[in-house]
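Down below is the structure, laid out as structure tokens.
The values are calculated or read from the model by the stated rules, or taken from the named source; none is laboratory data. Remember, it's a predicted structure, so these values are computed and weren't measured experimentally. Glycine also receives a Cβ, built like all others from the backbone with ideal geometry; neighbour counts cover every protein chain displayed. Heads up: the accessible areas ignore ligands, DNA and RNA and are worked out on the full protein's heavy atoms, side chains in. Shrake-Rupley method; radii C 1.70, N 1.55, O 1.52, S 1.80 Å.
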Amino acid sequence: MLEAFHFFPRLLHGTWVTIQLTIVAIIFGVIFGLVLALGRLSKNQILNKISWLYIWFFRGTPLLMQLFFIYYAFPLFFNPPLKYSAWVACYIAFSLNSAAYLAEIIRAAIQSIDKGQMEAAKALGMSYGQAMRRIIVPQSYRRLIPPVGNEFIMLIKDTSLVSIVAMPDLMRVTHEIESTNANAAIYLPSAIIYLAITTICTIVFEKLEKKYSVYE
Amino acid sequence: MGKMITVENVFKSFGTLEVLKNINLEVQQGEVLCIIGPSGSGKSTLLRCLNHLEVITSGKVMIENELLAEKIDGKNQFKITHKKISEICAELGMVFQRFNLFPHMTVIQNIIEAPVSVKKVPRAEAVEYGMELLKMVGLEDKKDEYPARLSGGQQQRVAIARALAMKPKIMLFDEPTSALDPELVGEVLEVMKKLARDGMTMIVVTHEMGFAREVGSRVIFMDKGEISEEGLPEEIFSNPKNERTRAFLQKVL
């Protein structure tokens with residue numbers, strides 16, 4: 001068990017990779033997810049269908065398959081084949097995938113806002129865009145926090161999939177230490193690190209929820 | 001005196017349900033028009049057609065001299081842009097039954113939001129005018145409260161101030177006191193009376209017969225999507241001509 005301390009710097013480095021990937025995926029996922037959600041809510045049939053198709057595809061196929069596709073298959077569509085690192089492939093795959101899930105979360109939160117709010121905004125002469133930006137979307141924040149927190153935690157754990165394409169994340173590092181040192185006990189500190197991150201997330205999201213509840 | 005609202009041959013259907021049948025109506029500047037009638041008679045729908053919250057199926061709606069909608073069998077006769085519609089609707093203030101204040105904004109933020117974001121009024125100026133309006137409705141000490149911390153009557157008074165902040169030429173009231181506890185109705189009606197005295201053109205859908213009688217300059221009785229009687233308050237209330245008006249008034253008075 002003591003040996004774990006010896007490997008600690010490597011584990012920390014892997015942890016940092018995991019955190020980076022999660023944060024990039026959630027930031028991009030929220031931005032792109034909001035666009036998709038607005039597309040799904042739009043009366044424009046083309047925008048609506050495109051968003052629907054996107055979400056349908058990315059929620060309906062395994063994340064690992066999406067990652068493989070982006071890393072191995074997609075570059076071959078080009079001549080000469082595109083070249084990008086496993087890092088780039090992972091960032092793209094996780095961002096695109098989390099956007100699909102977040103889009104549905106955001107859509108549900110926006111739809112849960114009382115219809116009277118949009119009517120009041122329109123009666124005051126606001127355009128649809130102004131009403132969304134100033135009135136509807138800000139009210140959905142508080143309702144978004146619990147499901148987004150959940151998505152964040154799922155994402156942290158799902159990032160362990162990147163170990164398969166040789167990304168040096170926490171999972172990969174742990175596995176390497178285990179195989180080179182024949183020391184399976186290393187999985188325990190690694191699990192504790194995952195637990196620590198997800199626990200911190202839970203606490204942060206609970207705090208956020210309280211902060212945004214002031215007016216209710 | 002000018003014509004503020006013109007409604008010509010308006011029909012409105014939700015699917016196969018016809019809720020407005022051949023409505024014709026004119027409202028002059030400074031008038032307080034009260035619309036009464038049983039629930040489901042189309043009163044609120046008529047009001048909502050005036051500021052485009054509902055779109056008419058056929059007929060014509062004009063606000064001042066601007067065309068808001070003209071349709072035959074659901075088809076637009078003229079292309080009216082969203083921008084134009086927003087501009088016309090900004091001339092009409094609306095007060096809702098359930099207040100519809102923005103819960104994530106304080107009272108003063110609720111009031112200045114539309115002037116600042118729609119009319120581009122400088123913030124300081126909007127706040128100054130907002131405070132004036134809050135004083136008018138007797139709530140200047142509540143400017144930094146969130147709506148959830150106010151009583152229903154206070155929320156509705158803020159909602160009136162919020163609508164007035166856009167300096168509308170016409171105010172629409174959609175059963176403004178129906179969601180209030182009985183003891184809070186008076187304070188809202190007081191504010192509405194003050195507005196009427198100041199010459200605001202108002203259309204009020206209401207169940208408050210006392211208010212319609214005292215403040216209304218004209219009363220319309222609606223039933224089953226039609227205007228079945230129209231006249232001065234004293235005529236309608238003391239000597240209704242229509243059988244259905246009589247039956248309705250007997251129940252509510």
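State which stretch of chain A is the longest one without any exposed chymotrypsin sites (Phe, Trp or Tyr not before Pro), exposure meaning a DSSP loop state and at most 15 other Cβ atoms within 10 Å.
On the way: sites that count: A:PHE78, A:TYR84.
Between exposed loop sites, the widest span is A:85-216.
To put it simply, the accessible area of segment B:64-201 at a 1.4 Å probe is 48 percent carbon and sulfur.
Between chains B and A, what is the buried accessible area in Å², counting both sides, with a 1.4 Å probe and ligands, DNA and RNA left out, to the nearest 100? Could the numbers behind the result be given before it?
On the way: alone 12290 and 12610 Å², together 23070 Å².
Looking at B and A, the buried total is near 1800 Å².
Provide the gained length on full extension for the span A:ILE31 to A:VAL204, in nm with one decimal, where the gain is 0.36 nm per separating residue minus the Cα-Cα distance. Walk me through the numbers before you get to the answer.
Numbers: separation 173, 0.36 × 173 = 62.28 nm, distance 2.02 nm.
Additional length available on full extension: 60.3 nm.
Restriction of the chymotrypsin sites (Phe, Trp or Tyr not before Pro) in segment B:76-168 to DSSP coil positions whose beta-carbon has at most 16 other beta-carbons within 10 angstrom yields B:PHE78. Under the criterion of Cα pairs below 8 Å and six or more residues apart, the relative contact order for segment B:124-177 equals 41 percent. Between B:GLN154, B:GLN77, B:GLN29, the Gaussian network model of chain B with springs among Cα atoms under 10 angstrom shows the greatest mean-square fluctuation at B:GLN77.
For segment B:109-253, state the semi-axes of the equivalent ellipsoid (square roots of 5 times the eigenvalues of the alpha-carbon gyration tensor), sorted largest first and rounded to whole angstrom. Please report the intermediate quantities before stating the final value.
Working: eigenvalues 222, 53, 30 Å².
Those come to 33, 16, 12 Å.
Interface residues of segment A:196-216, defined as a loss of at least 30 Å² in heavy-atom accessible area between the chain alone and the complex of all protein chains with a 1.4 Å probe, are A:TYR215. Rounded to 0.05, the FRET efficiency of the A:THR61 and B:ARG98 pair, given R0 = 41 Å and the Cβ-Cβ distance, is 0.40. Within segment B:72-164, the trypsin sites (Lys or Arg not before Pro) that combine a DSSP coil assignment with at most 10 other C-beta atoms in a 10 angstrom radius are B:LYS79, B:LYS120. Shown are A:HIS175, A:HIS6, B:HIS52, B:HIS104, whose ranking by accessible area with a 1.4 Å probe and every protein chain present, most to least, is A:HIS6, A:HIS175, B:HIS52, B:HIS104. If you average the alpha carbon positions of segment B:22-46 and of segment B:78-107, how far apart do those two centres end up, in angstrom? Each part reduced to its Cα centre gives a spacing of 19 Å. The lysines within cross-link reach of B:LYS120, meaning a Cα-to-Cα straight distance under 26 Å and a gap of 8 or more places when in the same chain, are A:LYS115, A:LYS122, B:LYS83, B:LYS84, B:LYS135, B:LYS142, B:LYS143, B:LYS167, B:LYS169. Simple spin-label estimate for B:LYS119 and B:VAL55 gives 2.8 nm between the two label positions (7 Å along the Cα-to-Cβ direction from each Cα).
The residues of segment B:1-104 have, on average, 46 Å² of accessible surface per residue, using a 1.4 Å probe with all protein chains present. Counting Cβ atoms of other protein chains within 10 Å of each residue's Cβ and taking the mean over peptide A:130-142 gives 3. As a calculated quantity, the FRET efficiency between A:ALA182 and A:TRP52 at R0 = 51 Å, using C-beta atoms, amounts to about 0.55. Oblate is the label for chain A, because the ratio a/c of its alpha-carbon gyration tensor axes (a ≥ b ≥ c) is 1.5 or higher and a/b is not greater than b/c.
For chain A, the longest principal axis of the Cα atoms and the long axis of helix A:187-211 meet at an angle of about 20 degrees. Share of carbon and sulfur in the accessible area of segment A:1-159 stands at 71%, probe radius 1.4 Å.
Calculated over the protein assembly as shown, the projected area of the Cα convex hull averaged across directions stands at 30.1 nm².
Rg then Dmax, both in Å and based on the Cα atoms of chain B: 18.2, 55. Quick one: helix A:45-60 against the long Cα principal axis of chain A, what's the angle to the nearest 10°, folded into 0 to 90? With both axes taken from Cα atoms, the answer is about 30 degrees. Using only Cα atoms, locate the centre of segment A:22-98 and the centre of segment B:130-167, then give the distance between them in Å, rounded to an integer. Between the Cα centres of segment A:22-98 and segment B:130-167 lies a distance of 46 Å. Any idea what angle helix A:86-111 forms with the longest principal axis of chain A, computed on alpha-carbon atoms, 0 to 90 degrees, nearest 10? Computed tilt is about 30 degrees.
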